Amino acid sequence: MGMIYKRGDIWWIKYYQNGKSIRESSKSKSKMVADKFLKRREGEIAQGQLPGVYFEKTTFDQLADGIIQDYRINNRKSFDRMKKAVGHLKEKFSGYKAHQITTQQINEYVLSRLENGVANATINRELAALKRMFSIGFQQTPPLVNRVPHIPSLKERNARKGFFEHWEFVALRNVLPDYLKGAVTFAYKFGWRIEEITGLTWNQVDRRQGIVRLEVGDTKNDEARTIYLDQEVKGVFDEQWEKRKLAKKLLPYVFLNRNGDDRLKRFYKTWRKSCLEAGIGVKLFHDFRRTAVRNMVRSGIPERVAMVISGHKTRCVFDRYNIVNDQDLKLAAQKQSDYLQSLDGHNLGTVTKIGTGKHAQTASN
């Protein structure tokens, strides 16, 4: 059984957990407050929970160390981005006890970031890191926290919506240097991430069957992927194979740089110059990803299959890329108009009166 006692003007409580005595200050001069505090602690123990005193010792910095350790153990590809997010969180919460981080404290953090002109999407990545910290702490044995606070997210208004119309892709490819044309054709067709394309090696390609495979660990979402090449892209790979044989040394990479002595890497200046020369404005290479998703869906490929080809793991991210543009809306309006006109032709029949007098109605046969 527990007990309450006084130290000076403050009431303290004493109780037992697994035979070990624990003493805590009620931080109050009221005996009633101390009595309620003791009952709460005894209730936690009776339910098989750790008493709250354990969780009140956990600091934000301990949770931050936990997420960094988790990312290292699991070799997550977003480790650098996570560390950057944790760094911003530390500016606000370093030195805090975990139980002191409430929704109100989090909202204050969000407001301060907004006042500094930080984009909503960036803040959401930081909030996601904070939520992950608490989740990892909650899953520990024994747990470091007994709750995960409500962490709201912001509406992301700054999502990019760029894509290539077909004529824009053709115009750009025509003015690009030869060493980039194969890579952009592949990106336009399949929507792979730039790192997946530039890192593609010949041991992942079956030229005879026209198959390209990415194994687990080669993709951002850690899921294997297999695609079949059409005739145009098969021709691209055959051309890249011939270029490989002409190089001074055999390299494992499919897409090589201008000199043919290493894999394709940074080419922003050439890309920007070519975009301007093609008269399409400066676009992003990542716009090919959105474009491929949209083109696959438009061509009638089932969305689940399109997700496998492009490497989208979650539906919500895929939907963000499956963008509707003005041309889609115009086509929808025209299709609806054609449909309604067809109804006018089918429904012109004999008019029959239903009812009598002023309540009479007409119906078409």
Under 19 Å between C-alpha atoms, the lysine pairs in the stretch 60-139 lying 8 or more places apart or on different chains count 8
Any chymotrypsin sites (Phe, Trp or Tyr not before Pro) in the stretch 222-274 that lie in a DSSP loop and have at most 13 other Cβ atoms within 10 Å would be none
Over the Cα atoms of the stretch 88-191 the radius of gyration and the largest Cα-Cα distance (Dmax), both in Å, equal 21.6, 62
Whole-Hz Karplus couplings 3J(HN,Hα) for the stretch 68-77, θ = phi - 60° and coefficients 6.51, -1.76, 1.60, Gly and Pro as x, run 5, 4, 4, 5, 5, 4, 8, 6, 6, 6
Sorted by chain and then number, the residues having a modelled amide H within less than 5 Å of the amide H of THR59, at least 5 places away or on another chain, are ALA98
Rounded to whole Å, √(5λ) for the Cα gyration tensor eigenvalues of the stretch 254-301, largest first, gives 25, 17, 8
With T = 25 °C, eta = 0.890 mPa s and Kirkwood Rh from C-alpha pairs, the Stokes-Einstein D of the stretch 166-321 in µm²/s is about 152
Candidate cut points under trypsin sites (Lys or Arg not before Pro) in the stretch 120-181, DSSP loop plus at most 15 other Cβ atoms within 10 Å of their own Cβ, are ARG147, LYS155, ARG157, ARG160, LYS161
Relative contact order as a percentage, the stretch 250-303, C-alpha pairs under 8 Å and 6+ apart, gives 15
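Read the figures in this text as sums done on the coordinates, not as results from a lab. Owing to the predicted nature of the structure, the values given are computational and were not obtained by experimental measurement. Every residue, glycine among them, receives a Cβ derived from its backbone with ideal geometry; neighbour counts consider all protein chains shown.
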